[in-house]
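The values are calculated or read from the model by the stated rules, or taken from the named source; none is laboratory data. The structure presented is a predicted model; accordingly, all values stated were derived computationally and were not measured. All Cβ positions, glycine included, derive from the backbone under ideal geometry; neighbour counts span all protein chains shown. With ligands, DNA and RNA removed, areas are computed over all heavy atoms of the protein, side chains included. Shrake-Rupley method; radii C 1.70, N 1.55, O 1.52, S 1.80 Å.
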Amino acid sequence: MNDRLGRFGKRELTAVTTLCTLLLGCFSTDEASQFQNGNMLHYATAIALLLSLGLLELGLYALKRAHADGLGEWIARLPKWIAAALSLLLSGVLVLSAVLPEVRFLRAMTDFIYIDAAPVSIAVYLLPCLAVLTMLGMETLSRTGRVLLPITLLAAIIGLASDVPLYRLYRLYPLFTDVESLLRQSAGALLRFVPIVLLLLTVARGAQGLDFVRSAGRTGLLLGGAITLLAELALGLSYHYTELQSLTAPLYRLMVEIDTDNAAIRLDRVVLFAWTMAGQFAAACSVYGASLLLVQANGIGDVRPIALLLSAVTVTMALVLREADAMGSAILSLLHRYGWIVATVPTLLLFLTARRIPCEN
């Protein structure tokens, strides 16, 4: 089977996990719904991160008990129609995790950078980049992630530090309103982190052991989550929650738009380039994970045609959601509100019913 998985170490997988956590955490948030009842986004993110770490431990335990090298191989032991349906569902979750940041980047680029450009003219350049990265496979992606991680972390530090003089503590009020809103936002935030757990479990065979996956997953989720929490806290210090409900791409403005008196430096363009590269990388990891899961669970011989197809689907969905302003916003709102159910419930049921799936000695 030509799955393009290869071999990679703990450091490479940690870099991939950190980048995906940071990108999905920062650029897959629906601010309009998250800030309806005060400034509790950072609480919801922290709870979702802890729940995702627990889900990772549960998944690793299930794989270890089943003597399976990865999630796709484990699902393949189920009856064919169940394996096909489940792999399609979980692959759809991974593709969705690639679509959400792509929509945000498309919207930010057309609204703030290339104002006169049509979204399709930008998407034309995103597609080959995403497709090539995805078809190169996980070993290439992991080594690329190790190179991109320090660049992205530097871009995040520049973005957060540049607005320090504008931070105001009073904008964080109210920090807490009610438990129901917190639970609802925490559940919605699971959509940002559960796909990362699925990706880790899918590529586990290339990581040379489940213990390496556990260590890399913990470190990456905690590091990427910590930076995401800092970004959300900085967002609350920069804008009042009533402003954030109607502000277009506030985290993009915070992390990418850099004010400088020296026009020769143009840090905003440098930081934009770094975030765009990281965004395409995270999307490629999610699409590759979806492709690999479909290939392994259904016995397909080559991952590259599936990767190419899902890359086109990802960019097309992002473009459609960007072009359809009112309808696209409504669909995105529904995905942010209820997508966690599709991502979490089947995954949790699969792990909890591990004893009923045949094991290999």
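Among the residues examined, Asp116 qualifies as without any contact (Cβ under 8 Å) to a residue 40 or more places away in the chain, open to solvent by 50 Å² or more (accessible area, probe 1.4 Å) and not in a helix (DSSP H, G or I).
So which residues in segment 122-169 are more than 17 Å from Phe105 (Cβ to Cβ) and open to solvent by less than 10 Å² (accessible area, probe 1.4 Å), if there are any at all? Passing the criteria: Gly137, Met138, Leu141, Ser142, Gly145. Among the residues of segment 268-278, is there at least one that is touching a Pro at 6+ places or on another chain (Cβ under 6 Å) and modelled with pLDDT of 80 or more? No. Scanning segment 61-84 for residues that are of a type outside the set (Lys, Arg), in a helix (DSSP H, G or I) and open to solvent by 20 Å² or more (accessible area, probe 1.4 Å) yields a total of 5.
Among the residues of segment 85-99, those identified as small (Gly, Ala, Ser) and open to solvent by 30 Å² or more (accessible area, probe 1.4 Å) are Ala85, Gly92. Taken as a whole, segment 144-167 holds at least one residue that is part of a loop (DSSP other than H, G, I, E, B) and at negative phi. Only one of the listed residues (Leu349, Leu332) is open to solvent by less than 40 Å² (accessible area, probe 1.4 Å) and either in a loop (DSSP other than H, G, I, E, B) or of a type in the set (A, V, I, L, M) (or both). That residue is Leu332.
Filtered by the rule that a residue be among the polar types (S, T, N, Q) and either at pLDDT below 85 or open to solvent by less than 50 Å² (accessible area, probe 1.4 Å) (or both), segment 170-219 gives Thr177, Ser181, Gln185, Ser186, Thr202, Gln208, Ser215. Taking the condition surrounded by fewer than 21 Cβ atoms within 10 Å (Cβ to Cβ) and modelled with pLDDT under 75, does Glu257 pass? Yes: the conditions hold for Glu257.
Looking at Val320, Val315, can you tell me which residue is in a helix (DSSP H, G or I), within 16 Å of Leu127 (Cβ to Cβ) and open to solvent by 30 Å² or more (accessible area, probe 1.4 Å)? Walk me through it before giving the result.
On the way: Val315 fails: open to solvent by 30 Å² or more (accessible area, probe 1.4 Å).
It is Val320.
Which of the residues that make up segment 317-327 are within 20 Å of the chain's Cα centre (by Cα) and in contact (Cβ under 8 Å) with a residue 12 or more places away in the chain? Selection gives Met317, Ala318, Leu319, Leu321, Arg322. Looking only at residues in segment 112-140 that are under 21 Å from Leu199 (Cα atoms) and not aliphatic (A, V, I, L, M), which one is nearest to the chain's Cα centre (by Cα)? Within segment 112-140, the match that is nearest to the chain's Cα centre (by Cα) is Thr134.
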